[in-house]
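Asks: I'd like to ask some things about the structure below.
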Amino acid sequence: MRKRAVPVSGVLALSLALLVSAGGAGLTGCREVAEAPLTLQVPWAAGEVTTLSMHQGEGGPIIGDWTMRVESVPEGEGWLLVSSLNIPSAPYSLNTTVRVGAEDLLPVHVDFELLNFQGTVTYTAEYGEGKVAVDADVRGEPQSFEIRLPDSPYFDNEQFIMTLRAMPLADGWSATLNNIITATASKRAVRVEVVRREDLTVPAGTYSCWVVELVGASQRVWIAVDWPYPIVKFVNDSSRLVALLESYEPGE
């Protein structure tokens, strides 16, 4: 019998790659989204690597790094979206791999590993028909639980920011997207809005960007206007963490 345990959100001291922490104040709540069909255009290729430096506040010192890379699943059956975020002084290390569909980018499987001053948390999440099953080890304590899925499209929290690159971003574009937060055994409908276009200079160069606001989450993402739409900047106002693009290597 599957035991529904306390979700692992209590160990998430920082929320950076994680779009929504347990609080989630100001988000649109736990409801299913019914909007016009979402058209996605996959912008990356296997072998792509995005490297960002982590800063404490705007103009602050570098405190860590965040690397995202893309790998292909054999025979065109999908993609692996791999993220590694490290802040040594915290200490804080978050490593995730999300397997997604080749074109719809729906999540299939998640591997999650968090190391911080409280210890280590690992879990796997397996997406199935109508539900996602999570099996975790929280500092040596096994836990398992299930989350009922809304109608598609839905995206796992650990792929959410990366997946924004595949959205049809444009002046005035907005959408409400289902976000499945496997680390907290929850789901949220998140409003995503393009608030302006802005030229931005970062260590990797100068880019024209769409500024995308995650309404109510106190987070914004700068995504390059030009193909293949790399992530240029990320800001989390709640934690005062800022990520800036250091280098971008397109795949093949």
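Asks: If you go through segment 187-210 one residue at a time, do you hit one that is among the aromatic types (Phe, Trp, Tyr), buried (at least 21 other Cβ atoms within 10 Å of the Cβ) and within 25 Å of residue 113 (Cβ to Cβ)?
Replies: No - not one qualifying residue is present in segment 187-210.
Asks: Could I ask something else about it? Looking at segment 222-231, is at least one residue under 23 Å from residue 156 (Cβ atoms), in contact with a helix residue (DSSP H, G or I) (Cβ under 8 Å, 6 or more places away or on another chain) and either without any contact (Cβ under 8 Å) to a residue 40 or more places away in the chain or assigned to a strand (DSSP E or B) (or both)?
Replies: Yes, there is a match, as at least one residue in segment 222-231 is under 23 Å from residue 156 (Cβ atoms), in contact with a helix residue (DSSP H, G or I) (Cβ under 8 Å, 6 or more places away or on another chain) and either without any contact (Cβ under 8 Å) to a residue 40 or more places away in the chain or assigned to a strand (DSSP E or B) (or both).
Asks: Here's a check for you: in segment 38-67, which residue that is of a type in the set (Ser, Thr, Tyr) and surrounded by fewer than 17 Cβ atoms within 10 Å (Cβ to Cβ) is nearest to the chain's Cα centre (by Cα)? So that I can check it myself, show each step before the final result.
Replies: Within segment 38-67, the first condition is being of a type in the set (Ser, Thr, Tyr), and the residues that meet it are 39, 50-51, 53, 67.
Still in the running and surrounded by fewer than 17 Cβ atoms within 10 Å (Cβ to Cβ): 39, 67.
Details: 39: 19, 67: 12 Å.
Among them, the one singled out is 67.
Asks: Right, another one. With respect to residue 176, is the statement that it is in contact with a strand residue (DSSP E or B) (Cβ under 9 Å, 6 or more places away or on another chain) and farther than 15 Å from residue 160 by Cα true? If you could, list the steps in order and put the result at the bottom.
Replies: Values: in contact with a strand residue (DSSP E or B) (Cβ under 9 Å, 6 or more places away or on another chain): yes; farther than 15 Å from residue 160 by Cα: no.
Considered against the rule, which asks whether it is in contact with a strand residue (DSSP E or B) (Cβ under 9 Å, 6 or more places away or on another chain) and farther than 15 Å from residue 160 by Cα, residue 176 comes out as no.
Asks: Tell me which residues, restricted to segment 159-211, are in contact with a Lys or Arg (Cβ under 8 Å, 6 or more places away or on another chain) and polar (S, T, N, Q).
Replies: Of everything in segment 159-211, those that are in contact with a Lys or Arg (Cβ under 8 Å, 6 or more places away or on another chain) and polar (S, T, N, Q) turn out to be 174, 176, 178, 179, 208.
Asks: Have a look at 98, 70 and point out the one that is under 17 Å from the mean Cα position of the chain (by Cα), surrounded by 15 or more Cβ atoms within 10 Å (Cβ to Cβ), hydrophobic (A, V, I, L, M, F, W, C) and under 19 Å from residue 248 (Cβ atoms).
Replies: That would be 70, the only listed residue that is under 17 Å from the mean Cα position of the chain (by Cα), surrounded by 15 or more Cβ atoms within 10 Å (Cβ to Cβ), hydrophobic (A, V, I, L, M, F, W, C) and under 19 Å from residue 248 (Cβ atoms).
Asks: Within segment 227-238, take every residue that is touching a Ser or Thr at 6+ places or on another chain (Cβ under 7 Å) and of a type outside the set (S, T, N, Q) and give me the one that is surrounded by the fewest Cβ atoms within 10 Å (Cβ to Cβ).
Replies: Step by step, filter segment 227-238, then rank; the result is 237.
Asks: Which condition does residue 67 not pass, out of (1) more than 19 Å from residue 47 (Cα to Cα); (2) among the polar types (S, T, N, Q); (3) in a strand (DSSP E or B); (4) out of contact with any Gly (no Cβ under 7 Å at 6 or more places or on another chain), if it passes all the others?
Replies: Against the list (1) more than 19 Å from residue 47 (Cα to Cα); (2) among the polar types (S, T, N, Q); (3) in a strand (DSSP E or B); (4) out of contact with any Gly (no Cβ under 7 Å at 6 or more places or on another chain), residue 67 comes up short only on (1).
Asks: When you go through 158, 252, 213 one by one, which is the residue that is free of Cβ contacts under 8 Å to residues at least 24 places away in the same chain and either touching a Leu at 6+ places or on another chain (Cβ under 8 Å) or under 22 Å from residue 83 (Cβ atoms) (or both)?
Replies: Only one candidate qualifies: 213.
Asks: Just a yes or no: is a residue in segment 128-149 within 23 Å of residue 180 (Cα to Cα), in contact with a Pro (Cβ under 6 Å, 6 or more places away or on another chain) and crowded, with 16+ Cβ neighbours inside 10 Å?
Replies: No, segment 128-149 contains no residue that is within 23 Å of residue 180 (Cα to Cα), in contact with a Pro (Cβ under 6 Å, 6 or more places away or on another chain) and crowded, with 16+ Cβ neighbours inside 10 Å.
Asks: Which residue out of 221, 242 is in contact with a His (Cβ under 9 Å, 6 or more places away or on another chain), at pLDDT 95 or above and either of a type in the set (Ser, Thr, Tyr) or crowded, with 18+ Cβ neighbours inside 10 Å (or both)?
Replies: Numbers: 221 fails: in contact with a His (Cβ under 9 Å, 6 or more places away or on another chain).
Answer to the selection: 242.
Asks: Now for a separate question. Please enumerate the residues belonging to segment 170-192 that are of a type outside the set (A, V, I, L, M, F, W, C) and closer than 17 Å to residue 157 by Cα.
Replies: Listed by number, the residues that qualify are 176, 178, 179, 182, 184, 186, 187, 188, 191.
Asks: Just one of 98, 73, 42 is farther than 17 Å from residue 232 by Cα, in contact with a helix residue (DSSP H, G or I) (Cβ under 6 Å, 6 or more places away or on another chain) and of a type in the set (A, V, I, L, M); which is it?
Replies: So the residue among 98, 73, 42 that is farther than 17 Å from residue 232 by Cα, in contact with a helix residue (DSSP H, G or I) (Cβ under 6 Å, 6 or more places away or on another chain) and of a type in the set (A, V, I, L, M) is 42.
Asks: Being at pLDDT 95 or above and of a type outside the set (D, E, K, R) is the filter here; which residues of segment 224-239 pass it?
Replies: Answer for segment 224-239, where residues must be at pLDDT 95 or above and of a type outside the set (D, E, K, R): 224, 225, 227, 228, 229, 230, 231, 232, 234, 235.
The values are calculated or read from the model by the stated rules, or taken from the named source; none is laboratory data. Predicted model, so just to flag it, every value in this text is computed and none were measured. Heads up, the Cβs are rebuilt from the backbone with ideal geometry, glycines too, and the neighbour counts pull from every protein chain shown.
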